[in-house]
Amino acid sequence: RNLRDTTRSLLLLALGMAPALLGQAAYNWARFGSPLEFGYRWMNSPGSLLERQATWGQFSLHFLPENLYTLLIRPPLVSLAPLRIKPDPWGMGLLLTCPALLLALPTLAKVANGSGDGATPNGRRCFWPERCCQTFARVRLGLWLSIVLVQLPSLLYFNTGSYQFGYRFALDWLPLGLLLVALGTGGRLRWWGKALVVASVLAHLWGVLWMYPNFNGQPWHLQYAGLLRQLLR
């Protein structure tokens, strides 16, 4: 029965994935002449990136250290004369730009030691402790495995993300990370958890103030002020 249930679950998963995969393959074939061609060879990349790609390929273990560094702890750019701190356009670590994700670490500890307390995510005792323990243990494990599998190609990619604030490739798995934050906090934030959330918001406000003038040519509030005036007419 377990084998039959597992096979059924895998078939349902494949059925759910099929439309997206077939649609992407059809798009690739119509635009590039091959279902497996995604158009990366025609990207308008800087010469340094093209050289990396030509030397090591689009995906390589050679890029793993730099991508891990960028994902986790890559700092902003600091100049001393004059003293200035600004975002590194090649990326910055999530520990600096989104420290609220640290609130998910308790779930990783539970996955590592296989523990569960029979409680629901909000901290209340479950009517069936054993069932709750198994269910949430599977949810935690599934979320972490999904994040690893989604992030892995980006860790081997020849580009850390190019012009960005923070680490934009994290957007692929960030919704799963937010679920882990909810599970890790049990829906209750202590003062230090709130401080991490505030620090993350302020970091991204810094990113908005830096990104818009450099990317769109004018501060964000001027762009949206004009849009609001048009909408309110």
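Calculate, for Lys86 and Asn216, the FRET efficiency according to 1/(1 + (r/R0)^6) with r their C-beta to C-beta distance and R0 22 Å; round to the nearest 0.05. Present the calculation step by step, with values, prior to reporting the outcome.
Details: r = 17 Å, r/R0 = 0.77.
Here the calculated transfer efficiency is 0.85.
Identify, among Val139, Leu68, Leu189, the residue whose Cα sits farthest towards the positive end of the charge dipole of region 58-232, taking +1 on the Cβ of Lys and Arg and -1 on the Cβ of Asp and Glu, with the dipole about the Cα centre.
Result: Leu189.
Taking 25 Å as R0, compute the FRET efficiency from the Cβ-Cβ separation of Met43 and Val198 and round it to 0.05. The partial results should precede the final answer.
On the way: r = 37 Å, r/R0 = 1.49.
Once rounded, the FRET efficiency stands at 0.10.
Suppose R0 equals 35 Å. What FRET efficiency, 1/(1 + (r/R0)^6) with r the Cβ-Cβ distance, do Arg168 and Arg4 give to the nearest 0.05? Kindly include the intermediate steps, with their values, before the conclusion.
Values: r = 42 Å, r/R0 = 1.19.
The calculated FRET efficiency here is 0.25.
Want the number for Arg138 to Tyr224: 0.36 nm per residue separation, take away the alpha-carbon distance, what's left?
On the way: separation 86, 0.36 × 86 = 30.96 nm, distance 4.35 nm.
Using 0.36 nm per residue and subtracting the Cα-Cα distance, I get 26.6 nm.
Residues with amide H under 5 Å of Asp88's amide H, sequence separation 5 or more or different chain, H placed in the peptide plane at 1.01 Å from N; which?
Residues meeting the amide H criterion: Leu77.
Which whole-number percentage describes the relative contact order of the chain, with Cα contacts under 8 Å and a sequence gap of 6 or more?
Values: 246 pairs, mean separation 50.3, N = 233.
RCO, the chain: 22 percent.
Treating only the Cα positions of the chain as identical point scatterers, give the base-10 log of I(q)/I(0) from the Debye formula at each q in 0.10, 0.13, 0.15, 0.16 Å⁻¹.
Once normalised to I(0) and log-transformed, intensities are -0.70, -1.09, -1.26, -1.31.
Any read-out appearing in this document is the output of simple, stated calculations on the displayed coordinates, not a laboratory observation. For clarity, every value in this text was computed on a predicted model and none was experimentally measured. Note that we place each Cβ from the backbone using ideal geometry, even for glycine, and neighbour counts take in every protein chain shown.
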